[in-house]
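The values are calculated or read from the model by the stated rules, or taken from the named source; none is laboratory data. Computed from a predicted model, the values in this text were never measured in an experiment. Cβ placement follows ideal geometry from the backbone for every residue including glycine, while neighbour counts extend to all protein chains displayed.
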């Protein structure tokens with residue numbers, strides 16, 4: 001019985017990709033990733049501004065406040081009751097020092113920000129209820145015509 005010898009198949013695109021991808025050993029990849037991550041981390045905080053921060057501030061509210069003060073940051077983090085704001089250029093650092101008061105993230109400002117955000121949420125929900133109250137109309141069938149009547153409720157005030 002004669003079996004023809006197997007001819008080598010040309011490598012597929014997937015196998016080429018895998019072989020190129022796996023050229024580095026696992027330790028070499030780990031070393032390269034660590035080096036790149038350290039480089040990126042150093043760029044993140046090349047220029048930075050620190051401010052004391054109240055422990056109840058969330059990252060989302062900090063970002064809202066920074067946006068309100070027109071601070072364009074690359075990264076922010078909290079370490080030991082300090083907010084570290086990473087910036088891209090030295091002129092942004094100077095701008096942040098001027099535009100961001102030192103007490104922006106203290107306890108009083110936290111409660112002020114919290115009150116303001118609650119009011120805006122309440123205002124939006126209150127506004128939508130008013131919209132429904134004033135814009136809703138009830139149609140009643142009468143004499144083969146529809147008559148429009150405003151919706152009255154207990155919120156209507158009458159002069160006494």
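Table for the structure above
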quantity	calculated
Candidate set from the stretch 56-65 (those that are in contact with a helix residue (DSSP H, G or I) (Cβ under 9 Å, 6 or more places away or on another chain) and in a helix (DSSP H, G or I)); member that is surrounded by the most Cβ atoms within 10 Å (Cβ to Cβ)	65
Members of the stretch 1-34 that are in a helix (DSSP H, G or I), modelled with pLDDT of 65 or more and loosely packed, with under 10 Cβ neighbours inside 10 Å	26, 27
Selected residue (criterion: modelled with the lowest pLDDT) from residues of the stretch 100-116 that are under 22 Å from the mean Cα position of the chain (by Cα) and surrounded by 13 or more Cβ atoms within 10 Å (Cβ to Cβ)	114
Among residues of the stretch 35-55, those that are at pLDDT 90 or above and either surrounded by 12 or more Cβ atoms within 10 Å (Cβ to Cβ) or in contact with a strand residue (DSSP E or B) (Cβ under 6 Å, 6 or more places away or on another chain) (or both), counted	8
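Conditions (1) within 11 Å of residue 49 (Cβ to Cβ); (2) within 19 Å of the chain's Cα centre (by Cα); (3) at pLDDT 90 or above; (4) assigned to a strand (DSSP E or B), marked per residue:
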{"site": "72", "(1), (2), (3), (4)": "no, yes, yes, no"}
{"site": "85", "(1), (2), (3), (4)": "yes, yes, yes, yes"}
{"site": "91", "(1), (2), (3), (4)": "no, no, yes, no"}
{"site": "94", "(1), (2), (3), (4)": "yes, no, yes, no"}
{"site": "123", "(1), (2), (3), (4)": "no, no, no, no"}
{"site": "138", "(1), (2), (3), (4)": "no, no, no, yes"}
{"site": "141", "(1), (2), (3), (4)": "no, no, no, yes"}
